[in-house]
1. Which is away from chain B (no Cβ under 14 Å), under 12 Å from the mean Cα position of the chain (by Cα) and either under 30 Å from residue B:57 (Cβ atoms) or modelled with pLDDT of 90 or more (or both), of A:88, A:67?
2. Go through the range A:1-32 and count every residue that is loosely packed, with under 12 Cβ neighbours inside 10 Å and more than 21 Å from residue A:112 (Cβ to Cβ).
3. Tell me whether the range B:54-69 contains one or more residues that are under 21 Å from residue B:8 (Cβ atoms), touching a strand residue (DSSP E or B) at 6+ places or on another chain (Cβ under 9 Å), buried (at least 19 other Cβ atoms within 10 Å of the Cβ) and within 14 Å of chain A (Cβ to nearest Cβ).
4. What pairs come out if I take residues in the range B:68-86 that are on the phi > 0 side of the Ramachandran plot and pair them with residues that are surrounded by 17 or more Cβ atoms within 10 Å (Cβ to Cβ) and hydrophobic (A, V, I, L, M, F, W, C) whose C-beta lies under 8 Å away, six or more apart or interchain?
5. Scan the range B:83-106 for residues that are surrounded by 15 or more Cβ atoms within 10 Å (Cβ to Cβ), at the interface with another protein chain (Cβ under 7 Å from one of its Cβ atoms) and modelled with pLDDT under 95 and report the count.
6. Looking at A:53, A:93, A:88, which is the one that is in contact with a Lys or Arg (Cβ under 9 Å, 6 or more places away or on another chain), free of Cβ contacts under 8 Å to residues at least 40 places away in the same chain and not polar (S, T, N, Q)?
7. Let me spell it out: the conditions are (1) within 14 Å of another protein chain (Cβ to nearest Cβ); (2) modelled with pLDDT of 90 or more; (3) in contact with a Gly (Cβ under 9 Å, 6 or more places away or on another chain), and residue A:113 meets all of them except one. Which number is the exception?
8. Here are A:77, A:46, A:32, A:60: which of them is assigned to a strand (DSSP E or B) and within 29 Å of residue B:7 (Cβ to Cβ)?
Amino acid sequence: DTGVSQDPRHKITKRGQNVTFRCDPISEHNRLYWYRQTLGQGPEFLTYFQNEAQLEKSRLLSDRFSAERPKGSFSTLEIQRTEQGDSAMYLCASSLQAGTNNEQFFGPGTRLTVL
Amino acid sequence: AQSVTQLGSHVSVSEGALVLLRCNYSSSVPPYLFWYVQYPNQGLQLLLKYTSAATLVKGINGFEAEFKKSETSFHLTKPSAHMRDAAEYFCAVTPGTPGGYQKVTFGIGTKLQVIP
């Protein structure tokens, strides 16, 4: 078990470009979460998957954002037409449905800088 | 609905001194509570968690926290600070429903500075 991994760790892009991030959860975890963390703030919930189904999306997730988890394993988060306000750390977490303590395991994050 | 308030966005302590990071929560159902630590440019690591068992919870690296329902608090303490404790600490709350949907609400974080 290598933990939750995210790729890339850093991404610099120009305003208006599209970017895609990948998250590989812990292999037996069926729940996967995306969070956004801006400077000086705690992580904010973006969206949540149980297996391949996207069960909740935050109002923070505008139409330019889309997340998928096609086979219930890895997930991708795409941001279209990036804006400078999208600059943040994007964190992925996973958990086990059968777990009794709601513990989520976090990846190292992808830091996005939009110029 | 749930929320977390962390009092003090920056805390400075001397090496060897007591660490006290404050967290108050609000939850419409009995909560589960967590403290996470984040080092620069890294993800979050779980320090400890309260899940309705013992109210005094011990975690890694010598940290502990006490759940006080009457005060809606879950303050994090460590008797003696080390330089390696310098990091940002986040308090978080989820509904205390085992196996249920696990939306986590985080506080804004407290940056701990340890002075030699």
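1. Sole residue among the options that is away from chain B (no Cβ under 14 Å), under 12 Å from the mean Cα position of the chain (by Cα) and either under 30 Å from residue B:57 (Cβ atoms) or modelled with pLDDT of 90 or more (or both): A:67.
2. Qualifying residue count for the region: 4.
3. Within the range B:54-69, the subset under 21 Å from residue B:8 (Cβ atoms) is B:57, B:59, B:61-68.
Add one more test, that the residue is touching a strand residue (DSSP E or B) at 6+ places or on another chain (Cβ under 9 Å), and what stays is B:57, B:59, B:61-68.
Right, trim to buried (at least 19 other Cβ atoms within 10 Å of the Cβ) and you get B:57, B:63, B:65, B:67.
Restricting the remaining residues to those that are within 14 Å of chain A (Cβ to nearest Cβ) gives B:57, B:67.
Yes, some residue in the range B:54-69 is under 21 Å from residue B:8 (Cβ atoms), touching a strand residue (DSSP E or B) at 6+ places or on another chain (Cβ under 9 Å), buried (at least 19 other Cβ atoms within 10 Å of the Cβ) and within 14 Å of chain A (Cβ to nearest Cβ).
4. Here the result reads none, with nothing in the range B:68-86 linked to a residue that is surrounded by 17 or more Cβ atoms within 10 Å (Cβ to Cβ) and hydrophobic (A, V, I, L, M, F, W, C).
5. Qualifying residue count for the region: 5.
6. Numbers: A:93 fails: free of Cβ contacts under 8 Å to residues at least 40 places away in the same chain; A:88 fails: free of Cβ contacts under 8 Å to residues at least 40 places away in the same chain.
After applying the criteria, what remains is A:53.
7. So the condition that residue A:113 fails would be (3).
8. Values: A:77 fails: within 29 Å of residue B:7 (Cβ to Cβ); A:32 fails: within 29 Å of residue B:7 (Cβ to Cβ); A:60 fails: assigned to a strand (DSSP E or B).
Exactly one of A:77, A:46, A:32, A:60 is assigned to a strand (DSSP E or B) and within 29 Å of residue B:7 (Cβ to Cβ), namely A:46.
The values are calculated or read from the model by the stated rules, or taken from the named source; none is laboratory data. Please read all numbers here as calculations on a predicted model, not as lab measurements. With ideal geometry, Cβ positions are generated from the backbone for all residues, glycine too; neighbour counts draw on all protein chains shown.
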